[in-house]
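**Student:** A single structure is presented below for examination.
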Amino acid sequence: MSERIRMVITVKAYPAISNKYGEVVCVAGIRIDVEPYSWVRLWPVPFRELHFDQRFSKYDIIEIEVDSSTDSRPESVRPNLDSLQILQGKRLPPGGPWPKRRPVVEPLLIDSMCQLQQQQRVDGTSLGVFRPAEVTDLVIEDDTDEWKPGQSGKASQSSLFFPNKGVLEKIPCRFKYRYRCSDPQCRGHEQSIVDWEIAESYRNWRSRYPDEATLRAKIKQKYFEQMCDPKRDTAFFAGNMHLHPEAFLILGVFWPMKI
(Lines give C-alpha, C1' and ligand atoms only; values in the text may rest on other atoms or scores of the structure.)
Protein backbone atom coordinates (compact mmCIF):
# COMPACT_ATOMS: atom_id res chain seq x y z
CA MET A 1 0.00 0.00 0.00
CA SER A 2 1.35 3.43 -0.96
CA GLU A 3 1.85 6.21 1.57
CA ARG A 4 3.23 9.71 1.35
CA ILE A 5 6.11 10.39 3.69
CA ARG A 6 8.16 13.43 4.71
CA MET A 7 11.88 12.91 5.30
CA VAL A 8 15.19 14.70 5.76
CA ILE A 9 17.87 13.50 3.35
CA THR A 10 21.02 12.56 5.27
CA VAL A 11 22.68 10.06 2.91
CA LYS A 12 23.32 10.11 -0.83
CA ALA A 13 25.83 7.53 -2.05
CA TYR A 14 27.90 7.78 -5.22
CA PRO A 15 26.02 6.14 -8.13
CA ALA A 16 26.47 2.41 -8.58
CA ILE A 17 25.58 0.06 -11.41
CA SER A 18 22.78 -2.42 -10.74
CA ASN A 19 22.29 -5.34 -13.11
CA LYS A 20 18.55 -4.94 -12.67
CA TYR A 21 18.08 -1.16 -12.52
CA GLY A 22 21.11 0.31 -14.29
CA GLU A 23 22.70 3.40 -12.73
CA VAL A 24 21.20 3.97 -9.29
CA VAL A 25 21.89 5.81 -6.06
CA CYS A 26 21.22 4.64 -2.52
CA VAL A 27 19.41 7.45 -0.70
CA ALA A 28 18.54 7.38 2.99
CA GLY A 29 17.27 9.75 5.58
CA ILE A 30 15.07 10.29 8.58
CA ARG A 31 11.29 10.28 8.54
CA ILE A 32 10.01 13.31 10.41
CA ASP A 33 6.29 12.67 9.84
CA VAL A 34 6.25 9.93 12.52
CA GLU A 35 7.02 9.81 16.23
CA PRO A 36 9.60 8.77 17.11
CA TYR A 37 11.65 9.66 14.03
CA SER A 38 12.80 6.64 12.03
CA TRP A 39 15.19 5.64 9.28
CA VAL A 40 14.06 5.17 5.70
CA ARG A 41 15.95 4.10 2.58
CA LEU A 42 14.74 4.99 -0.94
CA TRP A 43 15.70 2.32 -3.46
CA PRO A 44 16.25 2.48 -6.35
CA VAL A 45 16.85 6.14 -7.26
CA PRO A 46 18.28 6.90 -10.75
CA PHE A 47 19.38 10.29 -9.48
CA ARG A 48 21.03 11.61 -12.64
CA GLU A 49 17.80 10.98 -14.54
CA LEU A 50 15.67 13.07 -12.21
CA HIS A 51 14.40 16.41 -13.45
CA PHE A 52 16.63 19.20 -12.21
CA ASP A 53 13.92 20.57 -9.91
CA GLN A 54 13.80 17.16 -8.18
CA ARG A 55 17.53 16.80 -7.54
CA PHE A 56 17.69 17.08 -3.78
CA SER A 57 20.73 17.73 -1.62
CA LYS A 58 21.64 16.51 1.85
CA TYR A 59 19.43 17.97 4.56
CA ASP A 60 16.73 18.92 2.11
CA ILE A 61 13.26 18.01 3.34
CA ILE A 62 11.25 16.13 0.75
CA GLU A 63 7.84 14.55 0.45
CA ILE A 64 7.38 11.45 -1.67
CA GLU A 65 5.00 8.53 -2.17
CA VAL A 66 6.52 5.14 -1.40
CA ASP A 67 5.55 1.49 -1.66
CA SER A 68 6.89 -1.65 -0.06
CA SER A 69 10.20 -2.78 -1.50
CA THR A 70 11.57 -6.09 -2.72
CA ASP A 71 14.72 -5.11 -0.82
CA SER A 72 14.51 -7.21 2.35
CA ARG A 73 16.11 -4.58 4.61
CA PRO A 74 13.39 -3.29 6.95
CA GLU A 75 14.02 0.41 6.33
CA SER A 76 13.80 0.14 2.52
CA VAL A 77 10.88 1.44 0.46
CA ARG A 78 10.36 1.85 -3.28
CA PRO A 79 9.89 5.52 -4.24
CA ASN A 80 7.39 6.86 -6.74
CA LEU A 81 9.75 9.43 -8.19
CA ASP A 82 7.03 11.26 -10.11
CA SER A 83 5.62 12.28 -6.72
CA LEU A 84 8.91 13.64 -5.34
CA GLN A 85 8.66 17.21 -4.05
CA ILE A 86 11.46 19.21 -2.44
CA LEU A 87 9.91 21.49 0.18
CA GLN A 88 11.26 24.92 -0.65
CA GLY A 89 12.72 26.89 2.23
CA LYS A 90 12.74 23.81 4.46
CA ARG A 91 16.36 22.70 4.06
CA LEU A 92 18.11 22.28 7.41
CA PRO A 93 21.12 24.66 7.36
CA PRO A 94 24.52 24.04 9.00
CA GLY A 95 26.38 26.69 10.97
CA GLY A 96 28.46 26.25 14.10
CA PRO A 97 26.92 23.45 16.20
CA TRP A 98 24.23 22.75 13.55
CA PRO A 99 21.26 23.64 15.79
CA LYS A 100 18.68 22.83 13.09
CA ARG A 101 20.12 19.41 12.27
CA ARG A 102 20.90 18.09 15.74
CA PRO A 103 17.24 17.68 16.83
CA VAL A 104 16.64 15.44 13.80
CA VAL A 105 19.79 13.30 13.87
CA GLU A 106 20.64 12.99 17.57
CA PRO A 107 17.45 11.13 18.64
CA LEU A 108 18.62 8.25 16.42
CA LEU A 109 22.17 8.07 17.79
CA ILE A 110 23.22 4.65 19.05
CA ASP A 111 26.30 3.77 21.07
CA SER A 112 28.56 2.22 18.46
CA MET A 113 29.13 0.40 15.19
CA CYS A 114 29.46 -2.76 17.23
CA GLN A 115 25.92 -2.20 18.53
CA LEU A 116 24.62 -1.67 15.00
CA GLN A 117 26.17 -4.96 13.90
CA GLN A 118 24.56 -6.71 16.84
CA GLN A 119 21.16 -5.21 16.00
CA GLN A 120 21.53 -6.37 12.40
CA ARG A 121 22.01 -9.95 13.53
CA VAL A 122 18.93 -9.76 15.75
CA ASP A 123 16.35 -7.95 13.61
CA GLY A 124 17.96 -7.00 10.29
CA THR A 125 18.56 -3.33 11.18
CA SER A 126 20.56 -1.87 8.30
CA LEU A 127 20.95 1.86 9.02
CA GLY A 128 22.35 3.73 11.98
CA VAL A 129 24.31 6.72 13.23
CA PHE A 130 26.89 6.70 16.03
CA ARG A 131 29.86 8.65 17.36
CA PRO A 132 33.17 6.81 16.98
CA ALA A 133 35.39 6.89 20.04
CA GLU A 134 38.48 7.64 17.95
CA VAL A 135 39.03 8.04 14.21
CA THR A 136 42.61 7.03 13.51
CA ASP A 137 42.95 7.45 9.73
CA LEU A 138 41.43 8.07 6.33
CA VAL A 139 42.86 5.50 3.94
CA ILE A 140 42.97 6.23 0.21
CA GLU A 141 43.78 3.18 -1.91
CA ASP A 142 44.22 2.75 -5.65
CA ASP A 143 41.29 1.05 -7.35
CA THR A 144 42.33 -0.12 -10.80
CA ASP A 145 39.22 -2.22 -11.40
CA GLU A 146 37.16 -1.18 -14.40
CA TRP A 147 33.42 -1.52 -14.82
CA LYS A 148 32.48 -5.14 -15.37
CA PRO A 149 31.41 -6.04 -18.93
CA GLY A 150 27.72 -5.97 -18.01
CA GLN A 151 28.11 -2.66 -16.18
CA SER A 152 30.07 -0.59 -18.70
CA GLY A 153 27.11 -0.25 -21.07
CA LYS A 154 24.79 0.81 -18.26
CA ALA A 155 27.34 3.39 -17.07
CA SER A 156 27.14 5.14 -20.44
CA GLN A 157 23.41 4.77 -21.13
CA SER A 158 21.49 7.89 -22.06
CA SER A 159 17.88 8.33 -21.03
CA LEU A 160 14.67 9.72 -22.46
CA PHE A 161 14.96 13.01 -20.58
CA PHE A 162 18.77 13.26 -20.66
CA PRO A 163 19.99 11.88 -24.01
CA ASN A 164 23.39 13.56 -23.53
CA LYS A 165 23.92 12.38 -19.98
CA GLY A 166 27.63 12.03 -19.26
CA VAL A 167 29.22 8.65 -18.70
CA LEU A 168 29.36 7.68 -15.03
CA GLU A 169 33.00 7.86 -13.95
CA LYS A 170 34.57 4.98 -12.07
CA ILE A 171 36.54 6.71 -9.29
CA PRO A 172 40.11 5.29 -9.42
CA CYS A 173 40.52 4.99 -5.67
CA ARG A 174 38.75 3.73 -2.57
CA PHE A 175 38.24 5.74 0.60
CA LYS A 176 38.09 4.10 4.01
CA TYR A 177 37.84 5.23 7.62
CA ARG A 178 39.77 3.46 10.34
CA TYR A 179 38.28 4.00 13.78
CA ARG A 180 37.51 2.50 17.14
CA CYS A 181 34.09 2.23 18.77
CA SER A 182 33.15 3.18 22.29
CA ASP A 183 32.35 -0.50 22.91
CA PRO A 184 35.04 -1.82 25.32
CA GLN A 185 35.27 -5.02 23.25
CA CYS A 186 35.76 -3.19 19.95
CA ARG A 187 38.77 -4.40 17.99
CA GLY A 188 38.58 -1.51 15.54
CA HIS A 189 36.91 -1.04 12.16
CA GLU A 190 38.03 -0.24 8.65
CA GLN A 191 35.06 0.54 6.39
CA SER A 192 34.66 1.93 2.90
CA ILE A 193 33.13 5.39 2.42
CA VAL A 194 30.53 5.53 -0.37
CA ASP A 195 29.33 9.10 0.17
CA TRP A 196 28.82 10.98 -3.12
CA GLU A 197 30.41 14.06 -1.53
CA ILE A 198 33.90 12.59 -1.16
CA ALA A 199 33.83 11.17 -4.69
CA GLU A 200 32.78 14.54 -6.07
CA SER A 201 35.57 16.23 -4.14
CA TYR A 202 38.03 13.92 -5.88
CA ARG A 203 36.54 14.66 -9.31
CA ASN A 204 36.16 18.42 -8.84
CA TRP A 205 39.50 19.09 -7.15
CA ARG A 206 41.62 17.41 -9.84
CA SER A 207 41.81 20.59 -11.89
CA ARG A 208 42.93 22.53 -8.81
CA TYR A 209 45.40 19.89 -7.63
CA PRO A 210 46.62 18.01 -10.73
CA ASP A 211 49.30 16.23 -8.72
CA GLU A 212 47.68 13.04 -7.37
CA ALA A 213 49.59 13.08 -4.09
CA THR A 214 48.54 16.67 -3.40
CA LEU A 215 44.94 15.90 -4.33
CA ARG A 216 44.79 12.98 -1.91
CA ALA A 217 46.42 15.07 0.81
CA LYS A 218 43.74 17.77 0.39
CA ILE A 219 40.97 15.17 0.60
CA LYS A 220 42.51 13.75 3.75
CA GLN A 221 42.83 17.25 5.18
CA LYS A 222 39.08 17.84 4.83
CA TYR A 223 37.56 14.43 5.47
CA PHE A 224 39.92 13.37 8.27
CA GLU A 225 41.69 16.34 9.83
CA GLN A 226 38.74 18.75 9.61
CA MET A 227 35.65 16.55 9.80
CA CYS A 228 37.06 14.24 12.47
CA ASP A 229 38.78 16.94 14.50
CA PRO A 230 38.32 16.52 18.29
CA LYS A 231 36.53 19.88 18.30
CA ARG A 232 33.75 18.28 16.23
CA ASP A 233 30.85 16.14 17.42
CA THR A 234 31.67 13.69 14.63
CA ALA A 235 29.21 10.88 13.94
CA PHE A 236 29.12 8.34 11.12
CA PHE A 237 26.05 7.37 9.12
CA ALA A 238 26.37 3.68 8.33
CA GLY A 239 24.41 1.18 6.29
CA ASN A 240 24.86 -2.38 5.13
CA MET A 241 24.95 -4.02 1.72
CA HIS A 242 21.83 -5.74 0.42
CA LEU A 243 23.62 -8.89 -0.76
CA HIS A 244 26.04 -8.92 2.18
CA PRO A 245 24.01 -7.72 5.17
CA GLU A 246 26.82 -8.33 7.64
CA ALA A 247 29.04 -5.83 5.79
CA PHE A 248 28.55 -2.17 6.70
CA LEU A 249 29.75 0.94 4.85
CA ILE A 250 30.18 4.55 5.94
CA LEU A 251 27.47 6.48 4.12
CA GLY A 252 28.31 9.97 5.35
CA VAL A 253 29.59 12.09 8.21
CA PHE A 254 27.75 14.35 10.66
CA TRP A 255 30.30 16.86 11.90
CA PRO A 256 28.99 19.93 13.78
CA MET A 257 31.16 21.86 16.17
CA LYS A 258 30.88 20.64 19.75
CA ILE A 259 28.61 22.62 21.98
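**Student:** Can you find, within the range 222-236, the residue that is surrounded by the most Cβ atoms within 10 Å (Cβ to Cβ) among those that are closer than 14 Å to residue 179 by Cβ and either in contact with a strand residue (DSSP E or B) (Cβ under 7 Å, 6 or more places away or on another chain) or of a type in the set (A, V, I, L, M) (or both)?
**Tutor:** Across the range 222-236, the extreme among qualifying residues is 236.
**Student:** Here is a further query. Identify all residues within the range 176-185 that are farther than 19 Å from residue 225 by Cα and either charged (D, E, K, R) or in contact with a Phe, Trp or Tyr (Cβ under 9 Å, 6 or more places away or on another chain) (or both); write none if there are none.
**Tutor:** Initial filter on the range 176-185 (farther than 19 Å from residue 225 by Cα): 182-185.
Correct list: 182, 183.
**Student:** Another question, then. Anything in the range 121-146 that is farther than 19 Å from residue 224 by Cβ, in contact with a Ser or Thr (Cβ under 9 Å, 6 or more places away or on another chain) and surrounded by fewer than 19 Cβ atoms within 10 Å (Cβ to Cβ)? List them, or say none.
**Tutor:** Answer for the range 121-146, where residues must be farther than 19 Å from residue 224 by Cβ, in contact with a Ser or Thr (Cβ under 9 Å, 6 or more places away or on another chain) and surrounded by fewer than 19 Cβ atoms within 10 Å (Cβ to Cβ): 124, 146.
**Student:** Take the range 47-75 and flag every residue that is free of Cβ contacts under 8 Å to residues at least 60 places away in the same chain, surrounded by 13 or more Cβ atoms within 10 Å (Cβ to Cβ) and farther than 18 Å from residue 14 by Cα.
**Tutor:** Scanning the range 47-75 gives 61, 62, 63, 69, 74, 75.
**Student:** Looking for whichever is without any contact (Cβ under 8 Å) to a residue 60 or more places away in the chain, buried (at least 16 other Cβ atoms within 10 Å of the Cβ) and at negative phi here; the options are 116, 81, 108, 92. Which one fits?
**Tutor:** 81
**Student:** In addition: At least 1 residues that are at pLDDT 95 or above, closer than 30 Å to residue 94 by Cβ and among the hydroxyl-bearing types (Ser, Thr, Tyr) in each: list the strands (runs of 3 or more DSSP E) lying fully within the range 151-241 that qualify.
**Tutor:** So the answer is 173-180, 189-192.
**Student:** With respect to the numbered conditions (1) in contact with a Lys or Arg (Cβ under 9 Å, 6 or more places away or on another chain); (2) under 15 Å from residue 84 (Cβ atoms); (3) exposed (fewer than 15 other Cβ atoms within 10 Å of the Cβ), which one is the sole condition not fulfilled by residue 19?
**Tutor:** (2)
**Student:** Report the residue count in the range 1-34 for those that are part of a strand (DSSP E or B) and of a type in the set (Asp, Glu). Please lay out each step first, then the result.
**Tutor:** First pass over the range 1-34, keeping only residues part of a strand (DSSP E or B): 3-13, 16-18, 22-31.
Keeping just the survivors that are of a type in the set (Asp, Glu) gives 3, 23.
Residues in the range 1-34 being part of a strand (DSSP E or B) and of a type in the set (Asp, Glu): 2 in total.
**Student:** Let me ask you something else. Keeping to the range 6-46, report how many residues are over 15 Å from the mean Cα position of the chain (by Cα) and aliphatic (A, V, I, L, M).
**Tutor:** So the answer is 3.
**Student:** Somewhere in the range 64-75, is a residue under 19 Å from residue 251 (Cβ atoms) and touching a Cys at 6+ places or on another chain (Cβ under 8 Å)?
**Tutor:** No, every residue in the range 64-75 fails to be under 19 Å from residue 251 (Cβ atoms) and touching a Cys at 6+ places or on another chain (Cβ under 8 Å).
**Student:** Follow-up. For residue 200, which of the numbered conditions (1) under 15 Å from the mean Cα position of the chain (by Cα); (2) surrounded by 17 or more Cβ atoms within 10 Å (Cβ to Cβ) fails to hold?
**Tutor:** So residue 200 meets the others, but not (2).
**Student:** Taking the condition of being outside any strand (DSSP E or B) and under 23 Å from residue 239 (Cα atoms), how many residues in the range 62-90 meet it?
**Tutor:** Matching residues across the range 62-90 total 7.
**Student:** Follow-up question, since we're still on this one. In the list 99, 94, which residue meets the criterion of being farther than 20 Å from residue 196 by Cβ and in a loop (DSSP other than H, G, I, E, B)?
**Tutor:** 99
The values are calculated or read from the model by the stated rules, or taken from the named source; none is laboratory data. Computed from a predicted structure; not experimentally measured. We place every Cβ from the backbone using ideal geometry, glycine too, and count neighbours over all the protein chains shown.
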